[in-house]
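Structure first, commentary second.
Just so it is clear, none of the values below were taken in a lab; they were calculated from the coordinates. Note that the structure is predicted; figures quoted are calculated from it, not measured. We place every Cβ from the backbone using ideal geometry, glycine too, and count neighbours over all the protein chains shown.
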Amino acid sequence: MKDKKNENRNEELDEYFKQLDIKFATLEKFGSSLLVIGYFLFIHGANIDILDSLDMNNTGETASSVTLLGAELILVGYALLFIVASDRLEEKKLQNDLLSQNTNLTPHENLYYAYFFSIIINMLRVHALSEIDKANKSGETFV
């Protein structure tokens, strides 16, 4: 009887972790998509900057505003990836405890810290681009 309970418990835990992995992968896809869109906006901002240099910018957009929007999306993307990395680290700890697994946590911890520092650095970039955008709106140029 006890073996049947343990078997059911293990099946329930396996299903729980499978659903958790699907949730994490979905969030990773969304966070990564924000990075892709953000970096695309960097390219678009550079193209607008070229048009400005050629006095051909008829888009109604400014390079600094577009680039700032890209940086903001990248920051949100990294924040989502950090949340996933944090949750995956906790998942691995829980699996080690509940399922007696022996997963090496170091790579998961490294990823957690990498995304954490990416957020800090990207916050600095958003702040800098915001200052540049404000300066451009007051008549200075974006370089």
*Of the peptides 63-71, 93-101, how do they stack up when ordered by the mean number of other Cβ atoms within 10 Å, highest first?*
63-71, 93-101
_Distance histogram for the range 2-137 (every C-alpha pair counted, 5 angstrom bins, percent rounded to whole numbers)_ = 2, 10, 14, 16, 13, 10, 9, 7, 6, 5, 3, 3, 2, 1, 0, 0
*³J(HN,Hα) across the range 24-29 via Karplus (A = 6.51, B = -1.76, C = 1.60, θ = phi - 60°), whole Hz, x for Gly/Pro?*
4, 5, 5, 5, 4, 4
*With the chain treated as a Gaussian network of Cα nodes joined by springs under 10 Å, which of 59, 26, 103 yields the largest mean-square fluctuation?*
59
*Amide H within-cut-off set for residue 59, under 5 Å, with H built and near neighbours excluded*: none
*Output the relative contact order of the range 24-143, whole-number percent, from Cα pairs under 8 angstrom with separation of 6+ residues.*
30 percent
*Dipole size in debye (nearest 20) for the chain around its Cα centre, Lys and Arg Cβ +1, Asp and Glu Cβ -1?*
400 debye
*What ³J(HN,Hα) values, in whole Hz, does the Karplus curve 6.51 cos²θ - 1.76 cosθ + 1.60 give for the range 73-81 when θ = phi - 60°, with x put for Gly and Pro?*
5, 4, 4, 5, x, 5, 4, 5, 5
*Under the Karplus relation 6.51 cos²θ - 1.76 cosθ + 1.60, θ = phi - 60°, what is the ordered set of whole-Hz ³J(HN,Hα) values for the range 101-108, x standing for Gly and Pro?*
7, 10, 6, 6, 7, 4, x, 5
*Using bins 5 angstrom wide from zero, how does P(r) for the range 28-83 break down, in % of all Cα pairs?*
5, 24, 24, 17, 12, 9, 6, 3, 1
